[in-house]
Amino acid sequence: MAAQQPSGPLAGVVVADFSRVLAGPYATMLLADLGAEVIKVEGPGGDDTRGWVPPTRGDVGTYFLAVNRNKRSIALDLKDPSDREVAHALSARADVFIQNFKPGGLARFGLDYDAVRGRNPRTIYCSISGFGAGGGAALPGYDLLVQGMSGLMSLTGAPDGPPFRAGISVFDVMTGLQSVIGILAALHHRDLTGEGQHVETNLLSTALSTLVNQTSAYVAGGVVPTRMGNAHLSLFPYEPLPTGDGELIVVAGNNGQFRRLAEVLGHPEWADDDRFDTVGKRNDNREELRPLLVAALAAKSAQDWFGILTEAGLPCGPINTVQGGVELAERLGLEPVVEVEGVPSVRNPIGLSATPPSYRLPPPALDEHGDEIRRWLAEVPRA
C-alpha cells in the first residue's frame, strides 16, 4: 500500500489504530517509526487534537502533529453499517489493534477483544484506559485527573504552596510507552506460539509504577512523601541552587562526587565534616549544607560554574527553555528534529544500528488515505 515501503524491525506489521488524543497515538507513532504500517481510524470529525490550538502549523494543532507522523488516515462513522464493515475488515487484517475507548465502549460495534479475536486469533489487541476495566471502568481517563489521583500532584510544587501538574501529560506518554512494550512482547510471543493476546494498560497503574521511589517509600517504607519543591527525597545536593548570576542544577549523587564538588568550590574540609560525610548525613543536614553551597556558588555565574564543574566531571546543568533544550541537542549532534515533506517533528529517541527508525509520511489530513485503504482491504485476503 505504501508509496515508500516501510523498513525497520516492524516492517510488515499492520496496526489498526482506533486510539485518539495522546497515549494511543504516541504508541502507534513509535511503532510506525519502527516500520509498522499504521492505519489511523478517525471519526468523521477527526481526532480531537487536530483542533487543540494554539499553537498551530497552518491550520492544524501542533499537538496533533507531535504524535501522528508515519500514519495513514481513514475516517469511519462506526454507527454507519458500511463504515462498520470496513472497520471489521481492517480488524481482521491487522496484526495489532489498539484502542482507548472507555472499557466496553467498542462492544456495540463488534470491535471488542472477543469479536476481533474471533475474526483473527493472531491479532494483538491493546486496550488503553484511565483506571482499568474493573471498578474504574466508568472513570474518564484524562491525564490531569490521574496526576491528581495517583499522588503526583501532591509531590509537585513548593512545600508551602499548592499542588501542581507536570508540564506535560506525563502519564499519557508513559502509558503509550508501556503499551508499546506490551505489544512488542505479545508479538514476540505470537512468533513463538502463533497466538494473539489481549494487552491492557491504564494510566493509574502506569502512574504508580512511574512514581518509582515515591510509591516505594509508601508501600515498602510506610512513608507518605510530600512536596519538596525541587529538592530530592533522598539526595542532597540534587536541585537548582542560586549562583552569582542565575540558578544551576547541582548534583552530588555519591560521596566521591561530593568530595570533588567540595574541592572545586574551595572547601575540601566539607567532605570530612561529620555532618556531611555520607549521603544520609548530607540529606539529614541539608539545611546546614545548603547555605554553605550557596555562599560558595555566589562567587561566579551559573554559566561559569557550569563550565568549571563540567570540566571537573561533576553533573550539573542550566535550566533551559524548550527552545534551549532543542538547541542543546543540536549542539551535541543528536539531530533532534526530523522533517517529512516540510513538516518538522522530534526524532524518535531509539537508535538501532541495523534497522533505524524511518520517517516516511507527514501527519495525515483527515481521511487522506480513505480510498486507498478501502481498495487495499478489498484486495487483501482476510484472515
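Each reported figure results from applying straightforward, stated rules to the coordinates on display, with no laboratory input. For clarity, every value in this text was computed on a predicted model and none was experimentally measured. Neighbour counts are summed over all protein chains in view; Cβ atoms, including those assigned to glycine, are modelled from backbone coordinates with ideal geometry.
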- Message: Give the residue list of GluC sites (Glu not before Pro) in the stretch 326-383 that are DSSP loop and have at most 10 other beta-carbon atoms within 10 angstrom.
- Response: GLU341
- Task: Please order ILE98, ILE181 by the number of other Cβ within 10 Å, starting at the fewest.
- Result: ILE181, ILE98
- Task: Compute the relative contact order of the stretch 135-286 as a whole-number percentage, counting only Cα pairs closer than 8 Å that sit 6 or more residues apart in sequence.
- Result: 18 percent
- Give me the percent of DSSP beta bridges within the stretch 1-85 that run antiparallel, rounded to the nearest 5. 20 percent
- Message: Using a 10 Å cut-off around each Cβ, can you sort LEU377, LEU76 from fewest to most neighbouring Cβ atoms?
- Response: LEU377, LEU76
- Distant-in-sequence amide H partners of LEU241 (H built 1.01 Å from N, under 5 Å): LEU248, ILE249, VAL250
- Once the in-chain neighbours fewer than 8 apart are removed, the lysines whose Cα is under 21 Å from LYS40 read LYS71, LYS79, LYS102
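Can you tell me the relative contact order of the chain? Whole percent, Cα pairs under 8 Å, sequence separation 6 or more.
Normalised by residue count, the contact order of the chain is 19 percent.
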- Query: Net charge near LYS281, counting Lys/Arg +1 and Asp/Glu -1 over other residues with Cβ under 15 Å of its Cβ?
  - Reply: -3
- What percentages, rounded to whole numbers, describe P(r) for the stretch 238-326 computed over all alpha carbon pairs with 10 Å bin width beginning at zero? 17, 53, 25, 5, 0
- Task: Only bridges with both residues in the chain count here: give the DSSP antiparallel percent, nearest 5.
- Result: 35 percent
- Note on the structure: From fewest to most C-beta neighbours within 10 Å, the residues ASP172, ASP284, ASP114 line up as ASP114, ASP284, ASP172
- Query: Can you give the relative contact order of the stretch 238-326 as a percent, counting alpha carbon pairs under 8 Å and 6+ residues apart?
  - Reply: 39 percent
- Query: How big is the chain on each of its three principal axes, counting only the C-alpha atoms and giving the largest first in Å?
  - Reply: 77, 46, 43
